[in-house]
Amino acid sequence: MRFSTRGRYGVQIMLDLALHNAEGPISLKSVAERQKLSENYLEQLVPELRKAGLVKSVRGSQGGYVLAKQPEDINIGDVIRVLEGPIAPVECTNQTGTDCCEKTQFCVTREVWVKVSDSINNVVDSISLADLLKAAEKEDGQMMNIFEE
């Protein structure tokens, strides 16, 4: 299973906003520059994150975007599902009964895909933006140590 650039860039946007949360509203231009992403593409993703209640927009000359919740209250699974849709290796893992196909009631392989889907969802739901912030801080500290030696 592969996530598209929508999900990956969405996580990068959210992490960048979390990293710069203390600075107030952050422009998409600055996020795009720091993350080396297309500003135009980010402009397509942020409205969906805002609509889902993950970010807030602030208007005005000092406007931009801020997290709508604390980093510990936003998990990576939320971001990915907003931008990618349900996390499922095959369509029938999100459906019940005959909504999927006529084999659903006796499909032995469906259980494999349900377990894979559940595992992926459990992982992405167990990682918060706060967890990524801690990892980023640790990585920055290690980089500083490398240059100091």
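Values in this text are rule-based calculations from the coordinates and carry no lab data. If you're wondering where the values come from, they're calculated on a predicted model, not measured in any experiment.
Observations on the model:
- Calculated from backbone phi, Karplus (6.51, -1.76, 1.60) coupling profile of segment 4-15 in Hz, x at Gly/Pro: 7, 5, 4, x, 5, 5, x, 5, 5, 4, 5, 5
- Sequentially through segment 21-28, phi angles give Karplus couplings (6.51, -1.76, 1.60; θ = phi - 60°) of 4, 5, 7, x, x, 10, 6, 5 Hz, Gly and Pro residues having no value and appearing as x.
- Too-long pairs where the Cα-Cα distance tops 26 Å, listed order kept, from K115/K138; K29/K51; K56/K115: K115/K138; K56/K115
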